[in-house]
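The structure appears right after this line, and notes come after that.
Bear in mind that the values in this text are calculations on the coordinates, not laboratory data. Since this is a predicted model, take the numbers as computed values, not measurements. Reconstructed Cβ throughout: ideal geometry from the backbone, glycine too, with neighbour counts over all protein chains shown.
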Amino acid sequence: MANSSLLKEAEWSISETQAGGDRAVREARYFSALVSLLRSTTDSEIKKVADIPCGWGRHDGTFREGGLDVYGVDIESDFIAKAQRRYPEFQDRYVVADMRRTGLEPGSFDAVLNLFTSFGYFDYNGNMQTLHEFNRLLRRGGFLIMDLPNREAAVKYMRPIFANFASDSLVRLARNRIEGEYWVVDEEFLEKKYSTYQIVWHATKQMMFFSIEKLDEMLRQAGFAIAQIFKSLTFEFPDDDTQQITVAARKL
C-alpha cells in the first residue's frame with residue numbers, strides 16, 4: 001500500500017504538470033503582489049507571515065526572495081521534514097501542528113496565508129476554531145489571505161468524475177458529489193501493473209465550502225472584515241461564475 005504523503009505529493013505534481021513547472025513561482029508572485037497591494041492601500045507593514053498549511057513550502061522560496069519572513073505549519077510531518085531539507089537555513093521556521101492549534105506566539109504575524117482550498121476540512125465548529133486561531137496569530141490590523149472555492153459556482157461547474165496522470169504508471173481518479181454543506185471526493189490512485197491498473201490507495205475526503213456571504217459572516221464572527229476579494233490569482237472582481245476566489249480579510 002502506497003504512503004499517503006507520497007500520493008499527496010503526486011497529486012500536487014499533477015497540478016504542477018498541468019500548469020507548467022513554474023506554477024508555484026507564478027502563484028507565489030501573485031500573492032506577493034497582493035501583499036504589496038494591501039501595503040499600498042492600507043499603509044500596513046506586512047513582512048512576517050505564516051503559511052498554514054504550508055505543505056513542503058513550495059511557495060516559500062519565492063516569498064522569501066520577495067522579502068517576506070515566512071513561517072510554515074503543516075500537520076504532515078513528512079512535508080515539514082521536506083521543507084526543512086529544502087530550506088536548511090530556515091529549519092526553525094517550520095513546525096508540525098494542527099492549524100486549529102498551532103502553538104505559535106499570539107499576535108506575532110503580519111499576515112496568515114491559507115491557500116488553495118485549505119479551509120473547510122472540519123465541521124462548522126472546527127472551521128470557526130481555525131479562523132479564531134488565525135486571528136490569534138495576527139497582530140491588530142494584520143491580514144488573513146485565503147484562496148478557496150465559491151460554493152454556488154463550484155457546485156454549478158463541478159465535474160462528477162475526472163482522472164489525471166501523475167506519471168506513466170500512476171493515475172489519480174476522483175469522484176465528486178455534494179452532500180448537504182459538504183463537497184465529498186472519493187479519491188483513488190491506480191498503478192499500472194503490466195496491462196491493468198490496480199488500486200494502491202483510496203480515501204474519501206470531505207470539505208465544507210461556503211458562499212461569499214457565508215464566508216463573510218464567519219470571518220466577521222472570528223473578528224475579521226473583508227478588505228479585498230478577487231477572482232483567484234487575478235485582480236478582477238468575482239462574478240456569479242467565479243469558482244475560486246482570493247480573499248484578504250483584516251483583523252479588527
The answer for Gln228, listing residues at least 5 apart or on another chain whose modeled amide H is closer than 5 Å to its amide H, is Ala248
In nm, what is the difference between 0.36 nm times the number of residues separating Ala33 and Val155 and their Cα-Cα distance? 41.0 nm
Counting only residues 5 or more places away or on other chains, whose amide H sits under 5 Å from the amide H of Gln244 once H atoms are built in the peptide plane? Asn150, Ser232
Percent relative contact order for the chain, counting Cα pairs under 8 Å at least six residues apart, stands at 17
If I model a spin label as a point 7 Å beyond the Cα along the Cα-Cβ vector, how far apart are those points for His202 and Ile178 in nm? 2.6
Row for the range 51-196, column shape: gyration tensor on C-alpha, a ≥ b ≥ c, rounded if a/c < 1.5 i.e. under 1.5, prolate if a/b over b/c, else oblate; value oblate
With r defined as the distance between the Cβ atoms of Lys48 and Arg220 and R0 fixed at 22 Å, what FRET efficiency is calculated, to the nearest 0.05? 0.35
Rel. contact order, % - alpha carbon contacts under 8 angstrom, at least six apart, the range 153-207: 26
Taking every DSSP bridge whose two residues both lie in the chain, the antiparallel percent to the nearest 5 is 75
According to a simple spin-label model (label point 7 Å from Cα along Cα-to-Cβ), what is the distance in nm between Met128 and Ser77? 3.3
Estimated FRET transfer efficiency (Asp22, Lys192; beta-carbon r; R0 22 Å; 0.05): 0.20
Eigenvalues of the Cα gyration tensor times 5, then square-rooted: what semi-axes does that give for the range 153-207, in whole angstrom, largest first? 26, 12, 7
How much net charge surrounds Phe122 when only the other residues with a Cβ under 13 Å from the Cβ of Phe122 are counted, with Lys and Arg +1 and Asp and Glu -1? -1
